[in-house]
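Worksheet for the structure shown next.
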Amino acid sequence: MPERDPKAEAAVLARKAAGDAKAMRLLASDPEVSDEIVGFHAQQAVEKWLKAVLGWRGIVFEYTHDLHRLVAEVVAAVGEVPFEIPEVVALTEHAVPLRYDELLNRHAVVGLVDEVGRWTNAQLR
């Protein structure tokens, strides 16, 4: 069995996160698409990017949708992060369908997800 390559796995997660972020941006501009769908892709992008940062550093992470737990693990590994942690953690509500029922500030969420993406890309260099 081939040996696990954490950096290669992190790169795959980052690529998949970028795909979720692209879907989020495209869907966010369409008022006929529900907030739940936009929020789901936002949550998925952030989750994968956080896991990519952990994996890049060789840190084994749990397969969870809990952004609070993932942010705490990332902060423990790298120190401070430039994005608003409570806003990122709030995206956890979008991980499970039918859980979220508040209006989504699409512009703010797109900006937040893009900020996490830029930060992650810098971490993976």
Discussion item. Being assigned to a helix (DSSP H, G or I), more than 22 Å from ILE85 (Cα to Cα) and at pLDDT 95 or above: is that true of ARG15 here?
Written reply: yes
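Quick one: is ALA28 out of contact with any strand residue (DSSP E or B) (no Cβ under 9 Å at 6 or more places or on another chain), in contact (Cβ under 8 Å) with a residue 24 or more places away in the chain, more than 30 Å from ASP5 (Cβ to Cβ) and crowded, with 21+ Cβ neighbours inside 10 Å? I'd like the intermediate steps shown before the answer.
Details: out of contact with any strand residue (DSSP E or B) (no Cβ under 9 Å at 6 or more places or on another chain): yes; in contact (Cβ under 8 Å) with a residue 24 or more places away in the chain: yes; more than 30 Å from ASP5 (Cβ to Cβ): yes; crowded, with 21+ Cβ neighbours inside 10 Å: yes.
Yes, satisfied.
Quick one: is ALA52 surrounded by 13 or more Cβ atoms within 10 Å (Cβ to Cβ), at pLDDT 95 or above and either part of a helix (DSSP H, G or I) or not small (Gly, Ala, Ser) (or both)? Can you show your working first?
Numbers: surrounded by 13 or more Cβ atoms within 10 Å (Cβ to Cβ): yes; at pLDDT 95 or above: yes; either part of a helix (DSSP H, G or I) or not small (Gly, Ala, Ser) (or both): yes.
Considered against the rule, which asks whether it is surrounded by 13 or more Cβ atoms within 10 Å (Cβ to Cβ), at pLDDT 95 or above and either part of a helix (DSSP H, G or I) or not small (Gly, Ala, Ser) (or both), ALA52 comes out as yes.
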Discussion item. Exactly one of these conditions fails for ARG4: (1) exposed (fewer than 13 other Cβ atoms within 10 Å of the Cβ); (2) farther than 21 Å from GLU115 by Cβ; (3) in contact (Cβ under 8 Å) with a residue 12 or more places away in the chain. Give me its number.
Written reply: (3)
Worksheet item: Has segment 102-115 got at least one residue that is modelled with pLDDT of 95 or more and closer than 23 Å to ASP5 by Cα?
Response: no
Worksheet entry | Which listed residue is in contact with a Pro (Cβ under 9 Å, 6 or more places away or on another chain), in contact (Cβ under 8 Å) with a residue 60 or more places away in the chain and not polar (S, T, N, Q), from GLU115, GLU36 | GLU36
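The values are calculated or read from the model by the stated rules, or taken from the named source; none is laboratory data. None of the values given here were measured: they were computed from a predicted structure. Neighbour counts run over all protein chains shown; Cβ positions are idealised from the backbone, glycine included.
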